[in-house]
Every structure is written in C-alpha cells, then in structure tokens.
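Some notes on the structure that comes next.
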Amino acid sequence: MVAAQAGDRRSYERLLREITPFVRGLVRRHCNNHHDIEEMVQDTLLAVHRVRQTYDPARAFLPWLAAIAARRGIDGLRRRIRIARFETPEAGVYETFGDAAANNDMDGVRSAQEVEALLQHLPPRQREALEALKLRELSLVEAAAASGQSVAALKVNTHRALKSLRALFGSGGLDEPKG
Amino acid sequence: MTAEVEALDETERLIDSLGAELRPVRRLAPPARRALRWLLVVALVALALILRFAHLDIVAQRLAQPRIALECLATALTGVAAIFAAFILSVPGRSSRWAWLPVPPLLLWLGASGLGCLKNGLSLHGPAGFFGDSVHCLMFIAGASVPMAAGLFWMLRHARPLAPLPVAALGTLGVAATAAFILQFFHPFDVTVIDLALHLAAVAIVMGVGLLLRRPLLAAT
C-alpha cells in the first residue's frame, strides 16, 4: 500500500488482486447473493482507491481494509433495504406490443437536442449516470471510475433517471414529443 | 459466459482501470496531529482577538469563581475532544468508541452551566430583559462557527470520510463548543436559563446545518 501511495501501479494492482478474496470473504458475511457480493467487492475496491491517502504505514493494514469493507457493506445493505421498501418490480416494463413503435418509449425524441433538454431536468448525479451508461455507453466499471460514483449508486441513479424521465412525460412537465 | 464469471471479470477490469488511473498521493498526517494543527490556528486567532477586544479585568474576575472557571474549562475540553474525535473517525479503521470522547466534558459543561442557572435563581429575566444579551451570544456562537467550520471541513474532506455523519456531528460540536469557549471572554454576565438555552440552541443550529450539509462539505460518496 505504501508503494501504491507513491504511485507504483504494478504493486497496487497486485495488492488489489491479493485483497479481493479477503474482501469477498468479509462481504459474504453480510450477503449471500453472488451478484450483490461482487458489487460490494467492487464498491470496496473503489473506496480503497478513493481513501488510499488515509492509510498510515505505522498501523496495521487489514483493520483499515476491513473497516472500509464493513462500511461499504453497511451502505450497500441500507441501499438495498431502501430500494426494496420503496420500489417494486414493474411487470409492464418487459411487456412488448404488437405495434413496434409502441415498444419504443423514446420514439418521439427525434434529435440529440431534445434528449439534452430532457436531461437538464434531472438531478446532476442522475444525469451523470444516464449520460455515462446510456449515451456514452461506458461499462459500469468505467463509469464508476470516471464519475466517482459507486457501481451501486450508478445503477440506482440510472434507474431513477429513467423513472424521472417517464414521470416528466407522464405529468406533462415537458412537452411530450409527438410520434 | 455465466453471470458469475462476468461479475468476476468485471472486478478484474475494475482493478485494471484503478491501476491505470493510479496517481501518487500525499499520505495524510495522523489525525491527532491534524486536529492539533486546526486547534493551534484557531487558538492563535482567538488569542489575538481576545487580547485586542476582550475586557481582561472582567474575564479575570469571572474566572476567579471556581464554577465559572470549571464551566470554561469544560467548554474548551468539549471543543478539543470533539475535534480530536472528528479527525480520528474521519479515517477508516478507528474504533467508533472515539465518538464518546467529548461526552464527559459536555456533561460537565452542561452541569456547570446548570448550576449557574440554579445559583441565579432560575430567573428567566436577566439584567437586560427576557432575552437580554443572550441573542448576541447565539449570533456570536453561530457566526464564529462559520469560518471555523469552513477550515475544519476543508481539512476533514482530505480524508474523504466513508461515514460522514459522526464526523460532521463531532466536528460541528467541536466548532460550536470552541465558539462558546471564546464567547466566555466576551460574556460579562453569568449564565441565565435563557442564556443557557440560547447557547444550546446555537450549538444545535451549528450542528444541524453541518449535518445537513455533511455530504457536499465532506465530499463523501
């Protein structure tokens, strides 16, 4: 970690690969869904990256790492509880219609300017997530590294951004484009 | 490719991208040393203001009374302890029990102030009416807390605390208690119930604002 603080990429990548199984083991105590476990492992690695300047070589490394993993575990758990409490799966999301045009929610949006105008109505973090994942088509990992948002936060913000856009159309808050 | 393998592959790619964007960082000094730096700067500024503007003879008379001296000491200790705890908890791996550090001096501060109120007969009216100069106390604590909190949060955000709530709570308690301690040098009358209530209201306001703004102020994610 000391070498990583000095900017030694090779040592840093080796360290991250060596701690990943340890972090996975810690995360497994809180969670048994494989997808959530890996998401929390990635969140922990991102957090390690973000706070690497706080590691003090005079102190043990593993308690520092375990504290970060525990914190991200608690945050992840809270997020899942919050989502589970307020959001329910919408069966209609996956419904398809005979009329091909009806399957395309954004069918009416004809130009990049119109999309841009819609995005301006979203909170910054939701807009950032949507732009990174849907418009620039970055992977979750790339978008997380670029934006500083965690993988889980990106997913939540993208979901909320899409929901907000639908609500904006539905409420007439915007001039809904005509198909 | 199964979802499980895909997720593992994504973790591998994350490690590669974190490695690719690795830049050298300046290691933060130990939290206690950073707390001392903040306290030292505040102490120097406060000392200059006290020497320039305070009526030192009145201060000396007040501090000659053991209860008031104890109240001042407890207020200062609350500030110092809360600031130390905030810096310590801003970095990962430290026991959350540090959050209790300012509690004993805080209780002593409240106790000594409460005794003062009892001694003054629980009168709601000070020499200058119901609120008297107490509103100025509130404004002093709230106003002095702003620049101190700005400096404190600027230092704390270097650690990018993963749990901003206790850090913001302790930091703002420390700032408000420090402001209340400095106020003692510009506070020529003994505490009344209203006075104590407004002091506590000022502390609550400072803590409330700090907690509300904790995420942008601490740049936490």
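State whether the residues of the range B:96-105 include one that is modelled with pLDDT of 90 or more and touching a Gly at 6+ places or on another chain (Cβ under 9 Å). So far as the range B:96-105 goes, yes, one or more of its residues are modelled with pLDDT of 90 or more and touching a Gly at 6+ places or on another chain (Cβ under 9 Å). B:Pro92: within 10 Å of chain A (Cβ to nearest Cβ), crowded, with 21+ Cβ neighbours inside 10 Å and under 19 Å from the mean Cα position of the chain (by Cα), yes or no? So B:Pro92 does not fit the description; no. Scanning the range A:60-102 for residues that are among the charged types (D, E, K, R) and either at pLDDT 80 or above or loosely packed, with under 13 Cβ neighbours inside 10 Å (or both) turns up A:Arg71, A:Arg72, A:Asp75, A:Arg78, A:Arg82, A:Arg85, A:Glu87, A:Glu90, A:Glu95, A:Asp99. Kindly indicate whether any position in the range A:42-59 is among the β-branched types (Val, Ile, Thr), in contact with a Pro (Cβ under 7 Å, 6 or more places away or on another chain) and at pLDDT below 90. No, the range A:42-59 contains no residue that is among the β-branched types (Val, Ile, Thr), in contact with a Pro (Cβ under 7 Å, 6 or more places away or on another chain) and at pLDDT below 90. Considering B:Val167, B:Val146, B:Val175, the condition of being closer than 17 Å to B:Trp38 by Cα, β-branched (Val, Ile, Thr) and surrounded by fewer than 20 Cβ atoms within 10 Å (Cβ to Cβ) is satisfied by B:Val146 alone. In summary, B:Arg26 fulfils each of the numbered conditions (1) assigned to a helix (DSSP H, G or I); (2) out of contact with any Asp or Glu (no Cβ under 9 Å at 6 or more places or on another chain) with the single exception of condition (1).
Among the residues of the range B:20-31, the ones that are over 20 Å from A:Ala143 (Cα atoms) and within 7 Å of chain A (Cβ to nearest Cβ) come to 6 in all.
Within the range A:1-22, residues that are touching a residue at least 24 places away in the same chain (Cβ under 8 Å) and more than 7 Å from chain B (Cβ to nearest Cβ) reach partners that are surrounded by fewer than 18 Cβ atoms within 10 Å (Cβ to Cβ) and not in a helix (DSSP H, G or I) with beta carbons closer than 7 Å, at six or more positions or on different chains, in the pairs A:Val2/A:Pro57. Cβ-Cβ contacts under 7 Å between residues 6 or more apart (or on different chains), taken from a first residue in the range A:150-179 that is over 26 Å from A:Gly76 (Cβ atoms) to a second residue that is at pLDDT 60 or above and among the charged types (D, E, K, R), are listed as A:Pro177/A:Glu114. Restricting attention to the range B:151-200, the residues that are among the small types (Gly, Ala, Ser) and over 30 Å from B:Leu63 (Cα atoms) total 3. Going through (1) in contact with a Ser or Thr (Cβ under 9 Å, 6 or more places away or on another chain); (2) modelled with pLDDT under 90; (3) within 8 Å of chain B (Cβ to nearest Cβ) one by one, A:His34 falls short only on (1). In the range B:7-19, the qualifying residues are those that are farther than 14 Å from A:Leu46 by Cβ and hydrophobic (A, V, I, L, M, F, W, C), and the one that is farthest from the other protein chains (Cβ to nearest Cβ) is B:Leu8.
Taking the range B:1-60 as the search range and keeping residues that are among the charged types (D, E, K, R) and in contact (Cβ under 8 Å) with a residue 12 or more places away in the chain, which one is surrounded by the fewest Cβ atoms within 10 Å (Cβ to Cβ)? Residue satisfying both the conditions and the ranking: B:Arg37. Only one of the numbered conditions (1) part of a helix (DSSP H, G or I); (2) without any contact (Cβ under 8 Å) to a residue 40 or more places away in the chain; (3) over 16 Å from A:Val141 (Cβ atoms) is not met by A:Ala66, and that is (2). Hey, any hits in the range B:137-153 for a residue that's touching a strand residue (DSSP E or B) at 6+ places or on another chain (Cβ under 7 Å) and either at pLDDT below 90 or not polar (S, T, N, Q) (or both)? Taking every residue of the range B:137-153 in turn, none turns out to be touching a strand residue (DSSP E or B) at 6+ places or on another chain (Cβ under 7 Å) and either at pLDDT below 90 or not polar (S, T, N, Q) (or both). Would you be able to say whether some residue in the range A:10-21 is in contact with a helix residue (DSSP H, G or I) (Cβ under 7 Å, 6 or more places away or on another chain) and assigned to a loop (DSSP other than H, G, I, E, B)? No: zero hits.
Scanning the range B:17-28 turns up at least one residue that is under 28 Å from A:His49 (Cβ atoms) and within 25 Å of the chain's Cα centre (by Cα).
The values are calculated or read from the model by the stated rules, or taken from the named source; none is laboratory data. These numbers come from a predicted model, not from an experiment. Don't worry about glycine lacking a Cβ; one is built from the backbone with ideal geometry, like all the others, and counts go over all protein chains shown.
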